[in-house]
Amino acid sequence: MAIIANIFIDQGTDFSITVDVTDTSGGALDMTGYSAAAQIRKTYGSSSVSSTFSTSIAEATGQVTLSLTDTQTTALESGRYVYDLNVTSSGGQTTRVVEGQAIVTPGVTR
């Protein structure tokens, strides 16, 4: 079961967050051979993707970093969105690790 964590994204800036992925005993999951995918959509039922995170995996420490560029966050209108992060093992098992609201706050400086 995924944890729920809301994130706040400042419009017009680079955004990055690191997620710790753990095994059933609470230790860091060895993510060798894993892939990750994460998206933002306006609602859970939206057919269009608002933005796709770049992902990088630190295999030994079980960490996944999600990133958006300043260009990507500028393209997002301010407001509430939903997001999630799925990881897929080398054996093809996909697990949702984290999900929640992504709140995009408007910027002033241009």
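Rounded to two decimals, what is Rg over Rh for region 1-66 when you use alpha-carbon atoms and the Kirkwood radius? Numbers along the way, then the final one.
Working: Rg = 13.5 Å, Rh = 13.6 Å.
Result for region 1-66 is an Rg/Rh of 1.00.
Out of Thr32, Ile3, Ser50, whose Cα points farthest toward the positive end of the dipole of region 3-105 (charges: +1 Lys, Arg; -1 Asp, Glu; placed on Cβ)?
Checking the options against the dipole of region 3-105, the answer is Ser50.
Roughly how many nanometres apart are two label points built 7 Å out from the Cα toward the Cβ at Gln63 and Ser78?
Inter-label distance under the simple model: 3.2 nm.
Find out how many positive minus negative residues lie around Asp30, taking Lys and Arg as positive, Asp and Glu as negative, among other residues whose Cβ is under 15 Å from that of Asp30.
Numbers: positive: none; negative: Asp20, Asp23, Glu59.
So the environment of Asp30 carries a net charge of -3.
Run the simple label-point estimate for Ser48 and Arg96 please: 7 Å along Cα→C-beta, distance reported in nm.
With each label placed 7 Å out from Cα toward Cβ, I get 2.3 nm.
Tally Lys/Arg at +1 and Asp/Glu at -1 over every other residue whose Cβ is under 13 Å from the Cβ of Asp70; what's the total?
Details: positive: Arg110; negative: Asp10, Asp14.
So the environment of Asp70 carries a net charge of -1.
May I ask you to list the chymotrypsin sites (Phe, Trp or Tyr not before Pro) in region 18-64 that are in a DSSP loop and have at most 10 other Cβ atoms within 10 Å of their Cβ?
Details: sites: Tyr34, Tyr44, Phe53; in loops: Tyr34, Tyr44, Phe53.
Those that pass, being in a loop and sparsely packed, are Tyr44.
Ranking Thr109, Thr13 by Cβ neighbours within 10 Å, fewest first, what do you get? Each step should come with its number before you reach the end.
Working: Thr109 5, Thr13 14.
Going from least to most buried by this count: Thr109, Thr13.
Please report the antiparallel percentage of DSSP beta bridges with both residues in region 8-110, rounded to the nearest 5. Please list the in-between numbers first.
Values: 31 of 34 bridges.
The antiparallel fraction comes to roughly 90 percent.
Among Ile57, Ile17, Ile40, whose mean-square fluctuation peaks in a Gaussian network model of the chain (Cα, cutoff 10 Å)?
In this elastic network of the chain, the residue with the biggest mean-square fluctuation among Ile57, Ile17, Ile40 is Ile17.
If you find the alpha carbon centre of region 80-110 and of region 1-15, how far apart are they in angstrom?
7
Using a Gaussian network model of the chain with C-alpha springs under 10 Å, which one of Thr24, Thr32, Thr61 is most mobile by mean-square fluctuation?
Thr24
Order of Asp84, Asp23, Asp70 from fewest to most other C-beta atoms within 10 Å? Show your work: numbers first, answer last.
On the way: Asp84 18, Asp23 10, Asp70 14.
With the fewest neighbours first, Asp84, Asp23, Asp70 line up as Asp23, Asp70, Asp84.
Counting only residues 5 or more places away or on other chains, whose amide H sits under 5 Å from the amide H of Phe53 once H atoms are built in the peptide plane?
Sorted by chain and number, the residues that satisfy this are Ala38, Gln39, Ile40.
Computed from the coordinates by the stated procedures, all read-outs in this text should not be read as laboratory data. The structure displayed is predicted, hence computed values, not measured ones. No Cβ is skipped: glycine too gets one built from the backbone with ideal geometry, and neighbour counts run over all protein chains shown.
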